[in-house]
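The values are calculated or read from the model by the stated rules, or taken from the named source; none is laboratory data. Keep in mind that what you see is a predicted model, and the values were worked out from it rather than measured. Virtual Cβ from ideal backbone geometry, glycine too; neighbours counted across all protein chains shown. When the accessible area is computed, the model is the full protein with side chains, heavy atoms only, and any ligands, DNA or RNA have been set aside. Shrake-Rupley method; radii C 1.70, N 1.55, O 1.52, S 1.80 Å.
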Amino acid sequence: MTINGHSLIAGETAAGTGGTTYGFNPATNEQLDPAYTLITEAQLTTATSDAADAYASFSTLDPETHAAFLEAIADNIEAIGDELIVRAGLETGLPAARLQGERARTTGQLRLFATVVRQGDFRGVRIDPALPDRTPLPRADIRQRQIPLGPVAVFGASNFPLAFSTAGGDTASALAAGCPVVFKAHNAHPGTGELVGQAVVKAVKDFGLHPGVFSLIYGPGASIGQALVADPAIKAVGFTGSQAAGIALMRTAAARPEPIPVYAEMSSLNPVFVFEGALKGDVDALAQQYVTAVTGSSGQLCTSPGLLFAPEGELGDKLAAAVGRAISACAGQTMLTEGIAGSWHAGAEALGAAAGVDIVGQGTAGPTENAPAPTIFGTQVRDFVKNHVLHEEIFGAASLVIRYSSVEELIEATNRLEGQLTGTLQLTAEDYPSAAPLVPALEQKVGRIIVNGWPTGVEVGHAMVHGGPFPATSDTRTTSVGTLAINRFLRPVAYQNLPQELLPTSLQDENPWKVNRLVDGKPELNQF
């Protein structure tokens, strides 16, 4: 495929007139061709107005066509082949195996949403038939369904050039809901974004859909990104990135004449709580698992464990020593950008200089320019609860081991935490009585509780929650991973006493789309 260096607005290549930018190879900081042109706000309006025009036809697409469209996007992404993996590797420094897995996750979730579209449960159809003879008052015929919100602005993530970017989870769930998407590409991996964008555009054309169903734009986040969220045609926002950028978008969305929801996944420390029973087995293996979770993808995962609570005493000492040995054998991996590596250095320096903090162990710097030495710090729980510097996320291969002496201290520390994506318990059956009081405290702070696993690696399925209280996400009621992510881009509408001729297809008595429905409170199931 040919990389053009331009936006894709409603199916057409659009050269921006607002300047240029380049991708960079983070291993060398070398500039990558081609230059990418940046659009102006006037050009942005073309994308958003075309998305608004596409809404009427795309939001009412029949389930089979809709599902096949999502599957075609997946097929087109796979058809790009190695070119996509090579370009993504150049732009991010991520290894081919990681990127191949991410591509599989991207196409897998598109196909998963295709099954959701065919089944139709997401439409939320409820029918309360009329009861004309009910006393003292009759009941009207009332029918409800979920409808798409409208055009959605999606922002690409720096750390997932495929799975949380052009055709990633936010785009896939918005398209599955029936919402056109205007995608703001991440300027750190522009070529990767364009290749996937071309795959989406091809599917739009092949299925004869309105070209405004999908646009991919390049521009400065501080101007074009804010203008995109402020545009009256946009009805919701999907974002994965820094807390500062997410909050800026939330403020813009809230200040609009018509405020809109921003579904932002921002920051998380993902605490791990180790109980004594877990330390009576293979401590070296446990330490290695922890260090692997901290250093994988150079720690640039939203679920990387930034905190580990270990008991005081001999068993905790053995774990700390094992962690030190494990991390000392690690070399730094290339981070996504020079700026992200710089932020890691600043965060690690601030944490290391905090009162009561020492170094448990440190690896060696990697061979490339942006590959800092992974580091594990240590402190006591009494210092952690009173010093907010110890609660700051360091995006990269760094973590803090916190020593505690009682479950009460763990509960107090949990209560002091901000909202998190995950909380993990490492324990055995003998620890259950001690861990039981911690679980309710964790429920108030996290979106996913894990036992004897690690938070990295988020399964894309029906039961997954990838969200949590602020600032992990902007809306604690939602998930950005899994089939329930589609609910973010829907709203309920009730239809009272409408004749069959005026009812939407999914609400008609004959149920021509064969969707599952709740009729008078009882399931009406259909085989799709």
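Here are the numbers for the structure shown:
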quantity: Contacts under 7 angstrom Cβ, first residue in segment 117-145 being among the polar types (S, T, N, Q), partner open to solvent by 50 Å² or more (accessible area, probe 1.4 Å), 6 or more apart; calculated: Gln119/Phe528; Gln144/Arg126; Gln144/Pro492; Gln144/Ala494
quantity: Any helices (runs of 4 or more DSSP H) falling wholly within segment 189-284 and containing at least 3 residues that are open to solvent by less than 10 Å² (accessible area, probe 1.4 Å) and β-branched (Val, Ile, Thr); calculated: 190-206
quantity: Output for segment 372-402, where each listed residue is under 17 Å from Thr292 (Cβ atoms) and of a type in the set (Gly, Ala, Ser); calculated: Ala373, Gly396, Ala397, Ala398, Ser399
quantity: Residue count, segment 453-473 (criterion: within 22 Å of Ala435 (Cβ to Cβ) and in contact with a strand residue (DSSP E or B) (Cβ under 6 Å, 6 or more places away or on another chain)); calculated: 4
quantity: Leading residue by the ranking (nearest to Cys330 (Cα to Cα)) among those in segment 347-367 that are open to solvent by 40 Å² or more (accessible area, probe 1.4 Å), out of contact with any helix residue (DSSP H, G or I) (no Cβ under 9 Å at 6 or more places or on another chain) and touching a residue at least 24 places away in the same chain (Cβ under 8 Å); calculated: Ala365
quantity: Pair list, Cβ < 6 Å and 6+ apart or interchain, from segment 1-25 residues that are of a type in the set (A, V, I, L, M, F, W, C) to residues that are in a loop (DSSP other than H, G, I, E, B) and open to solvent by 40 Å² or more (accessible area, probe 1.4 Å); calculated: Ala14/His6; Ala15/His6
quantity: Residue list for segment 54-69, filter: aromatic (Phe, Trp, Tyr) and not in a helix (DSSP H, G or I); calculated: none
quantity: Unique match (being under 30 Å from Thr428 (Cα atoms), surrounded by 20 or more Cβ atoms within 10 Å (Cβ to Cβ), in contact with a strand residue (DSSP E or B) (Cβ under 9 Å, 6 or more places away or on another chain) and not charged (D, E, K, R)) among Ser297, Ser304; calculated: Ser304
quantity: Positions within segment 471-483 being crowded, with 21+ Cβ neighbours inside 10 Å and either of a type outside the set (Ser, Thr, Tyr) or over 18 Å from the mean Cα position of the chain (by Cα) (or both), in sequence order; calculated: Ala472, Val481, Gly482
quantity: Residue in segment 434-446 that is under 15 Å from the mean Cα position of the chain (by Cα), modelled with pLDDT of 95 or more, of a type outside the set (A, V, I, L, M, F, W, C) and open to solvent by less than 60 Å² (accessible area, probe 1.4 Å) present; calculated: no
quantity: Residues that are among the small types (Gly, Ala, Ser), surrounded by 21 or more Cβ atoms within 10 Å (Cβ to Cβ) and within 14 Å of Pro26 (Cβ to Cβ), drawn from segment 321-340; calculated: Gly332
quantity: Number of positions in segment 457-470 that are over 25 Å from Val407 (Cα atoms), open to solvent by less than 50 Å² (accessible area, probe 1.4 Å) and not hydrophobic (A, V, I, L, M, F, W, C); calculated: 3
quantity: Test: residue in segment 139-149 that is among the acidic types (Asp, Glu) and surrounded by fewer than 19 Cβ atoms within 10 Å (Cβ to Cβ); calculated: yes
quantity: Qualifying residues in segment 76-90 (those that are open to solvent by 40 Å² or more (accessible area, probe 1.4 Å) and in contact (Cβ under 8 Å) with a residue 60 or more places away in the chain) - the one farthest from Gln119 (Cα to Cα); calculated: Leu90
quantity: Within segment 26-54, tally of residues that are under 21 Å from Pro211 (Cα atoms), in contact (Cβ under 8 Å) with a residue 24 or more places away in the chain and aliphatic (A, V, I, L, M); calculated: 7
quantity: Extreme residue, most open to solvent (accessible area, probe 1.4 Å), among residues of segment 418-433 that are more than 18 Å from Met464 (Cβ to Cβ) and assigned to a loop (DSSP other than H, G, I, E, B); calculated: Glu418
quantity: Complete set of residues in segment 308-318 that are more than 32 Å from the chain's Cα centre (by Cα) and either surrounded by 18 or more Cβ atoms within 10 Å (Cβ to Cβ) or farther than 10 Å from Asp284 by Cβ (or both); calculated: Pro311, Glu312, Gly313, Glu314, Leu315, Gly316, Asp317
quantity: Residue in segment 183-196 that is under 28 Å from Gly93 (Cβ atoms), in contact (Cβ under 8 Å) with a residue 24 or more places away in the chain and of a type in the set (Lys, Arg) present; calculated: yes
quantity: Members of segment 442-498 that are within 12 Å of Gln420 (Cα to Cα) and outside any loop (DSSP other than H, G, I, E, B); calculated: Leu442, Glu443, Val446, Gly447, Arg448, Ile449, Thr473
quantity: Residue in segment 402-415 that is open to solvent by less than 20 Å² (accessible area, probe 1.4 Å) and aromatic (Phe, Trp, Tyr) present; calculated: yes
quantity: Asp33 vs. criteria open to solvent by 50 Å² or more (accessible area, probe 1.4 Å) and not in a strand (DSSP E or B); calculated: no
quantity: Some residue of segment 116-129 being touching a helix residue (DSSP H, G or I) at 6+ places or on another chain (Cβ under 8 Å), outside any helix (DSSP H, G or I) and β-branched (Val, Ile, Thr); calculated: yes
